[in-house]
Structure formats: C-alpha cells, structure tokens
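Have a look at the structure below, then the notes.
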C-alpha cells in the first residue's frame, strides 16, 4: 500500500480548476501546493509566500468562497474548485472598491501582504457587509502586516463597506 | 504654475495601483530563462574548525552546481566596514548558520534534501554567547579583546558631581534581540556574462552596498556590476546589509554555472541566519539635586554585535548619541562598546541603537522620579533640553524647541492625569490592573556626525523627451513611500502636477548613488537634493528663454521637449554639501551629531490581566514634532506602523537562543502582533520648521520605534507597582516578578 501510495504521490496528475472565472487544467503532483501551481504554472504571482505554514496569510485566496492559505492546500484538494486570486478582483482597469480604499487610506505600504489582506477583507465583507471595527480586526487577524499596525487597513475596509452600502 | 500645493497633500502612492492589484513584481515573481535555484549549506555549530565535507548518498550530485570559498574570483569578504565577514566560511566558522557552501539545481524541490545530505565534520572550539561572557575574555573570539568598537563621550566634570549630589540613582536595563520580520523573505537573482558582467535583481534597501560588495567579491570593475532593486516587501533595516551576502552567493553560483540563479530564503532560514536588532545592556548612575535636576551621570552601554563587525560600530554610535535622550546633562560620561559573541551578526533594524539606549533612559527617568519623590511628568519637565543648551555631544539646540509644551499637549490629548487617578482607584478592585506611562525622546535624522559628508550623495532630475520629469536616485521604496514623496518634492519645486513626475527604478546602471535608504535620511537629505536638482532644471529652461517666470504645466512640457530636441539628454545633478556650521569631531565624539532631531512624547495605557498576566495596550497616543509633514497619510502610516513594531518589541517578540542559534524561527513561535492585538494608535503632529530638509521636513521613519517600549513598561509599573527593567516583557516575566514580590511575605506567613 505504501508503495502504491508513494507512486501515486510521485506521479503527475491532471487537475482541472476554475481560476478567476477561467477553466484551467494543470499537470501537477497531487501534494503540490496550490500556491506553487498558481504562481509557477499559471503565472499568477499576486499570492505571496510569507511563511509557508499558514501563519501570515499572504498567500490567501478564495476556494469555493472560503478564504484559504494556498500554501496549505494540496492542489488535488482544489480539483474542480472555483478559485479567486487578487488578479481576479479588479474588473479590467476598474479597481474594486476595496482596492481603491486601500490606496486612498494608506492600507498598502510595502504591498507584500496586500493581495492576501484585500482578499481576506473581500471575504469578510461578503459575510458581513457592515462590519464593526472589532469585526474587521477579528476578520483580518489571520493576515499579518508588519508595516501599518493595521490601523489604515481597518479604515480602508470600513470605507469600502460604506461605499458598497451606498452604491 | 498651478499654484496648488503638492507637498503636504496625500497624493496617491506611485506604485500603489500595482500593489493593490498584485501586479507589483517582487524578486520571487521574476523568472529568467534557464534559471537555476540556489541554496546555502550552513554551519550547525557556533565556533569550530571545519573538517571533512562529505556529499552523502542518495543524491544525484552530478546534477548539482557546488560552490565553495575556493570558487571566489576576488576577495572572500562581504565588503562593508571592517571587511571581516567572509562570504563563505573557509576552514573555520564563528557562528551557527554561517554559510559554508552553495548548491544550485534546476528543480528547487530537490534542494532541501541535497542540503541535508552534505555532512560536515566539526572540530569545535569554545564559544561565547552573551555580553557578559564576551566581557570575561575567557576566549578571545575577535581581535585582541572581543571589542568591535568603543566610544567615549565626555562633557563637563562627572567625577566632581557625586559629592554634590542629593540623590544618586542607579539602574541596569536590558533589551533583547528582535527580528525585523518583513513579510517578504530575502531573495536575489544573479546573472553573469563575461562581456556584460554581473547583474543582480533583489529585495534590498541599498543598491550601492550590494554593488560595492560584488565588485570586491567578483573582482569586477564598477561598470561590470549592475544591481536592480525589485519591489521590496518590507525591510526595516533587515535588508540593509545582509542582501550583499545573498547577492554574493547567487553571483558565485551564476558565475560557476553560466546561468541565472535565484536564491529565495524560506522563513526559517531568513529568521535563523540573517540579522536582528542588537541585544543591549545599559547601566545608569545619575546624580541629582534635591529638586530633581540632573547634575550629571555615567552611562555605560554595551551591545551584542554577534560574530562579525558588520554595522555594529554605526549602530553603537547612534545608541551612544541617543543615550542622554531629550534631557540636559551638565556633566556626563558615556562609555559604549559593541562586543563579539558567537551568534549570527546583529544588524540594522529601524531605530538602529536608539530604541535600546532610550528604553534604558526612559525607564531610568521613572526610577529617578520615585527616588526624588516627583511625578514622571515633573521629573521630565525639570530636565528637558531647552533652546541654547547643549546635548551630550555639545550640539547646541538652535530650534525653538519647547518640550514642556509638547509633553503638556500629549498629557491633554491622552487625558493622562484623570486616567492616572482613576486607574489608581479602580486597581484596588477587580481581576486586572491598569496603568499609564510616558516616554519623551528624540531621534536624529540622517547619518551620524561626519557620515553625510563622507557619503557625498548625488541626485539627478531629468527632463525627458516627452516633457515629463524623472527623478534619479538610488533611494529605495519598501513601504515608506520614497517614490511618492520624492516625486512630490520635485513636482512642488517645479510647479507641476504630481502626475507629470515619475521616478526611475533603483538600478545602479540608471541612477546615481544617493546613498543608502536608512537612518531616516531619505526625505530630509535626499529630498533636499531632489529639490536642488529640480531647481536646476527650471533655471536652465528659464535661462535659455524657453520658460517664462510663470508658466502652465503644458508650457513647461513644451519647453522641456524643445530643450531635449535641441540639446539631447537633459539632466540636472545635485551633490550633498555639509553646511559650513556643522562641526563633528570623530575622535572626541563631539559636535553636531545630526543635522536635525525629531522630538516626541508617547503615552501608553496598559492593562495587566491578573489571571493570565497578559499585558495589553489599550490606548496609545503618539505626539511628535517632525518638521513639515509632506504626506499626511504616509506619515501617519509610518508612525502607526513603527509603534506597532515597538509594541511587538515590548510585549510579544522574544528570540529564544540556544548556543547562538535562534530556536523559534517561525511565525508560529516568534509572535508578532495581529490586527486583533493592537490598539488604535492615535497619531498627532506638531510642525516646527527645519532648515535642513526639503520644504522643512525632518526624518520620521525610525522615531516611532524608540518610544513604545519605555512608555508601555512605565505603564506596567504604574499598574503593578513592580519595576521591570528588561524587554521583551512576556506574561511569564510578569508572573515571576509578582511571585518574587510576594515570596518573602508568604514565606514569613507559612512558617
């Protein structure tokens, strides 16, 4: 059993998944990280590796509307799934309200946590369109930022919520 | 001219759109054709002779590129200050994680197993791990006395003051190492071609530091080395000197294999092997008059530099000059030294020595207040530096400084007095204790002493063929907003819309050496040069009659286009010139230490949970005087972010050492604050003009790192009435201190 399992793990598999609305088929090892498949095979480098163990959240993507650390997801687990990365958030040149709010409020400094942070915020606003400050802080607590102290990020999310509500 | 101000307005970040869309290119996002991946085999022991190296079984070694010290074309050294740190260990190692050899392969997944399969025989030597061990000189591990650098600052007659003193207050204070913990790990790509020379792309702060290091290592002339900064995902000093090492490694592999090589550290390697903030120990002995005025004092400051000199002399310099803080010392003697231990070299980290010596001083001021019987507020007010007085290095305060007013405003904004009373009352009940603490401090902007004169930075501004303006600097963007603010300065100087000004990528082939992006110098020093160079552009266009005294943006563009069409490349340069009245004596450590100081008062409110001994910061007020604020959103972001790192330094971030090696090099066990842990930092600015910076700006980036630790620990003492003199202060430390306080009573009671 061990031998067949290890053969299975070492063999390339064909995996289909929908990424930012497009159906993609990749050949990958089953335990290959979704993060690596996105970055190396699909050229979507917006998701970043910060820690490789699910602590920092800079590799965050949406998998069937759930926020996941793509460094912890084997690609086989993403088979037939619907994935949204930061590249899928803006509609063409038109930025998402969240992206605009991050720009205006100073929510992005060095930018390395920003794609994951914006996706975490997007996920939060889907569940809670009018979050309190506490809910924003709690909702983003899986995404580490070393630059901002989070204040301007929290303000950006609150601003985006207000603008979405007004739209 | 448009007439609208650009400086002082929160314009959009130049690279902001790329950052929020995920398009910004960091080094790991770049792939070159035929590129291999590199990895580093590191020392497993602190201090040792290196014996036999064996390439173990189970690895297809013929597929790997292997580089040792013998492959280095030039000098085996990372050129910086003392040039004592090898690029690859040759025969001996002096700290754990010291690089010994390098591997490269086209499949990055094969590298970890290969690194693990290299076995190295060690013939270990005795090692030193603490400042105290280093001081005993039981082993001499560096030079003749284990001392990398020492400074002596003397002002007045310290020896004569003790007999005049009504009080003598002593204290010893310690700070721990701190990891910069930028979210983007270190990384470099190198490509070598015998004709073109060496090119590296990387995550870095100082392109010309890397440039200098590669020239010496590869034995190449300046024109054969090119360093390009990619978008950099946080740095905080952590990408000041160590990137030269990684670039050197990638370069050696690239030379050997003739293909581009990428080295990206994982988190564990980055945390264990690269630099951290210097641990420190500071001793104060202070003489005071009956009414609480400082008569003088001795300050003895020691920092742990790790195994090689690297930047320790410069860090020590800043620690030394900041040791007397924002107070007037009629007499003082500061003795400072950086010592060697067998740990990876400690290095640059935001604040650069000042957080260490200011933690000691601002804790000591609270101790003095208790001994003298004054409040923490009053002891500070009685000793603040005033205009016309001289700092410890005998630099006269020439600006209209009013620290009493700054402190009073901070107390008012934080509702200090009412809260202090209320907490004292409420602390008698309940399962938590609250306290409030203050720290008053300063931070010098720019290089210390003669540093700026020696750097002799150059900045260029180019009028382009399409009529737009391009700023040419080696100053790098890594979150602070360098690109944005320098473009604002050029636009304001030229009276052009912000959108008409761009900034070149920091590429040593394209930009002049405007110095390293460190020491809170970018806006104040480089910004001023951008202003001068931009003025040169305007004067040339006016002088040639292409531009009148008043003009529209379109008229400027047209004039610029005409100039380029007629005369070709149109550039204006500005080089730093030290003001005539700036005097600094490197031997006596006396004179104008910095062109300008920023001043601040921070107030922290903390709660100690008496069940878990967890300390949380409930409110944080940061009031500072930083000259003109050029971009309010960015400036606030710098302060809030710096305070967050300061809170981490104080209450969360503890490096666990064992035999010189970090044991907790992961984000799971080295804990930095999350959005759920931090208070709202309330940021306020006072603006007092400064003649040295562009449009009156001073340095801002490092200042907020200095104040949180003492303010918070002062608040914890206020809450618990127990003094804490070292950081980090974790729940177990609070618990032990409270236990120690209770112990004598309980012993008496039980027996």
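The values are calculated or read from the model by the stated rules, or taken from the named source; none is laboratory data. All of these numbers come straight from a predicted model, not from anything done at the bench. Note that each Cβ is placed from the backbone with ideal geometry, even for glycine, and that neighbours are counted across all protein chains shown.
Candidates in the range B:378-404 are the residues that are assigned to a loop (DSSP other than H, G, I, E, B) and over 26 Å from the mean Cα position of the chain (by Cα); of these, the one that is nearest to residue B:599 (Cα to Cα) is B:402. Only one entry of B:66, B:11, B:27, B:77 meets the criterion of being over 27 Å from residue B:220 (Cβ atoms) and either within 28 Å of the chain's Cα centre (by Cα) or away from chain A (no Cβ under 12 Å) (or both), and that entry is B:11. When A:61, A:93, A:68 are checked against the criterion of being in contact with a strand residue (DSSP E or B) (Cβ under 8 Å, 6 or more places away or on another chain) and within 11 Å of chain B (Cβ to nearest Cβ), a single residue qualifies: A:61. Is it the case that residue A:80 is part of a helix (DSSP H, G or I), at pLDDT 95 or above, surrounded by fewer than 22 Cβ atoms within 10 Å (Cβ to Cβ) and outside the structural domain of residue A:114 (by TED's automatic domain parsing)? Criteria not met by residue A:80. Looking only at residues of the range B:224-260 that are surrounded by fewer than 24 Cβ atoms within 10 Å (Cβ to Cβ) and in a helix (DSSP H, G or I), we find that the one that is farthest from the other protein chains (Cβ to nearest Cβ) is B:224.
For (1) within 9 Å of another protein chain (Cβ to nearest Cβ); (2) farther than 30 Å from residue B:48 by Cβ; (3) buried (at least 24 other Cβ atoms within 10 Å of the Cβ); (4) over 21 Å from the mean Cα position of the chain (by Cα), each residue gets a yes or a no:
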site: B:589; (1), (2), (3), (4): no, yes, no, yes
site: B:609; (1), (2), (3), (4): no, yes, no, yes
site: B:638; (1), (2), (3), (4): yes, yes, yes, no
site: B:657; (1), (2), (3), (4): no, no, no, yes
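Of all residues in the range B:671-703, those that are under 20 Å from residue B:236 (Cβ atoms) and at the interface with chain A (Cβ under 10 Å from one of its Cβ atoms) total 9. Could you figure out which of (1) outside any loop (DSSP other than H, G, I, E, B); (2) at pLDDT 95 or above isn't true of residue B:749? Going through the list (1) outside any loop (DSSP other than H, G, I, E, B); (2) at pLDDT 95 or above, residue B:749 breaks only (2).
Within the range B:676-692, residues that are free of Cβ contacts under 8 Å to residues at least 24 places away in the same chain reach partners that are surrounded by 17 or more Cβ atoms within 10 Å (Cβ to Cβ) and outside any loop (DSSP other than H, G, I, E, B) with beta carbons closer than 7 Å, at six or more positions or on different chains, in the pairs B:676/A:137.
Output the helices (runs of 4 or more DSSP H) that fall wholly within the range A:89-167 and possess 2 or more residues being within 17 Å of residue B:23 (Cα to Cα), or say none. Talk me through it step by step, then tell me what you get.
Numbers: elements: A:97-105, A:114-127, A:133-139, A:151-166.
Once the helices (runs of 4 or more DSSP H) in the range A:89-167 are filtered for at least 2 residues that are within 17 Å of residue B:23 (Cα to Cα), what remains is A:97-105, A:114-127.
Quick check on my filter: what residues within the range A:41-58 are farther than 16 Å from residue A:119 by Cα and more than 8 Å from chain B (Cβ to nearest Cβ)?
Step one: filter the range A:41-58 for residues farther than 16 Å from residue A:119 by Cα, giving A:41-43, A:51-53.
Within the range A:41-58, A:41, A:42, A:43 meet the criteria.
The set of residues from the range B:460-499 being in contact with a strand residue (DSSP E or B) (Cβ under 9 Å, 6 or more places away or on another chain), free of Cβ contacts under 8 Å to residues at least 60 places away in the same chain and surrounded by fewer than 22 Cβ atoms within 10 Å (Cβ to Cβ) comprises just one member, B:470. In the range A:123-141, what residues are surrounded by 15 or more Cβ atoms within 10 Å (Cβ to Cβ), under 20 Å from residue A:85 (Cα atoms) and more than 8 Å from chain B (Cβ to nearest Cβ)? Once the filter is applied, which keeps residues that are surrounded by 15 or more Cβ atoms within 10 Å (Cβ to Cβ), under 20 Å from residue A:85 (Cα atoms) and more than 8 Å from chain B (Cβ to nearest Cβ), the range A:123-141 yields A:123, A:124, A:125, A:139. The sole residue among B:302, B:286, B:275 that is at pLDDT 95 or above, farther than 30 Å from residue B:516 by Cβ and surrounded by 24 or more Cβ atoms within 10 Å (Cβ to Cβ) is B:286.
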